[in-house]
Each structure stands twice: as structure tokens, then as C-alpha cells.
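The values are calculated or read from the model by the stated rules, or taken from the named source; none is laboratory data. Keep in mind it's a predicted model, so treat the numbers as computed, not measured. Here the Cβ positions follow ideal geometry from the backbone for every residue, glycine too, while neighbour counts run over all protein chains shown. We work out accessible area using only protein heavy atoms, side chains counted, and drop any ligands, DNA or RNA first. Shrake-Rupley method; radii C 1.70, N 1.55, O 1.52, S 1.80 Å.
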Amino acid sequence: VLTEWSRIGPCPPGAARPMTAGEVRRLAALAGVSIGAHSAHHLSLPVLSVEQQRMEIETCKARLEALVGCHMECFSYPYGAHDAETERLVRLAGFKVAVTTVEQPVKADVDPFLVPRFGVRRGGATFAGRLSTIVSSIDGATSASAVKVVSSETNSSPWTAATGATSAAASALA
């Protein structure tokens, strides 16, 4: 689905490539899609110093904001790894929400910086179906989609996203 949308043709089996800056901008411009930050280098943040964590969080946020021309409100903890200091730094960076890798329903009283989510795995037909709905709505259909792409590591792949990973990214930012 993502390869059709990007108009780049099929990806050879086992191959992967990062999204281009243009593809990220185009994806961000779609109705019902928002791009969120994930860190500059997809490192496990709690094992880093406070200054290194701050740089990872703020660098990714600034690069993505410059690329897509809008404020980044969502953050996804790389590997789901976070501690109180990581959460504090994400808040201080100006994010409004952050997601973990805890797989459980979101409840009304959820801490906005500890939002659980259900992961999308390789071969995830659910993700492909949701993405297809988004693309269809852009092409004139009336259905509205609230699917969000909430992570943006700098070395991920659209092929992985199309087959079920949880991130879409642009290495062009690196």
C-alpha cells in the first residue's frame, strides 16, 4: 500500500530503504496523518546521560518540524524504554503526548506521557488496511481516518512500515 502511494514501485524482497524527505513531507500533508518524533538515532534513552537524552529528543523534534513545517506534538519512546527523567525531558521539549510499547487499551485517566498502544508487526494486515483507508480518503472517498504515524526514527524504512512496523522515518534528516 505504501509503495503504491509513494509511486516508487515494488521493493525487492528483503530490501529496505529509508523514506526521503519529500516522502515524509507528502505523508505529513495527508488528512488524518500526523508525524511524531522518536529520537535522532533510535537509542534507548534511559541508558544515556541527561544531556544526551535531551539532544536526541530535541534534535529529532527540530529536524522534523523544519522538514514538515508544523509543531511535533507526539513522541514515541524508542523500544518503549523510558524512566522519570526521560518523561520529564519529553515534556520539557514541548510534546503533548508520548507513547510506550505497553499493549493495553487507552483509558480516560491515562498519563499523556505514558500512553499505551498496540504494536503493528511485520505482515500486519491491520496496518495495511488502515493505511489503505487513509490513502482512499485522500483520493476523494468520504471516510475519515484517525490513524496516526507517531514515530519518526531517522533510519527506518517505508517497506517496514508497509508491512507492519510502528515507525515511518526520514534518514534525509540525519
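Side notes on the structure shown:
- Subset tally (residues that are at pLDDT below 95 and touching a Phe, Trp or Tyr at 6+ places or on another chain (Cβ under 7 Å)) for region 75-98: 0
- Some residue of region 15-25 being modelled with pLDDT of 95 or more and among the small types (Gly, Ala, Ser): no
- Residue in region 107-118 that is over 18 Å from residue 39 (Cβ atoms), open to solvent by 90 Å² or more (accessible area, probe 1.4 Å), among the aliphatic types (A, V, I, L, M) and modelled with pLDDT of 85 or more present: yes
- Any hit, region 129-141, residues being modelled with pLDDT under 50 and out of contact with any strand residue (DSSP E or B) (no Cβ under 9 Å at 6 or more places or on another chain): yes
- Inspection of region 60-78 finds no residue satisfying the criterion of being more than 30 Å from residue 26 (Cβ to Cβ), loosely packed, with under 15 Cβ neighbours inside 10 Å and in contact (Cβ under 8 Å) with a residue 12 or more places away in the chain.
- Screening residue 33 on (1) modelled with pLDDT of 95 or more; (2) under 21 Å from residue 117 (Cα atoms) shows it passes everything except condition (1).
- Members of region 32-59 that are of a type in the set (A, V, I, L, M), open to solvent by 30 Å² or more (accessible area, probe 1.4 Å), more than 16 Å from the chain's Cα centre (by Cα) and closer than 18 Å to residue 80 by Cβ: 47, 48
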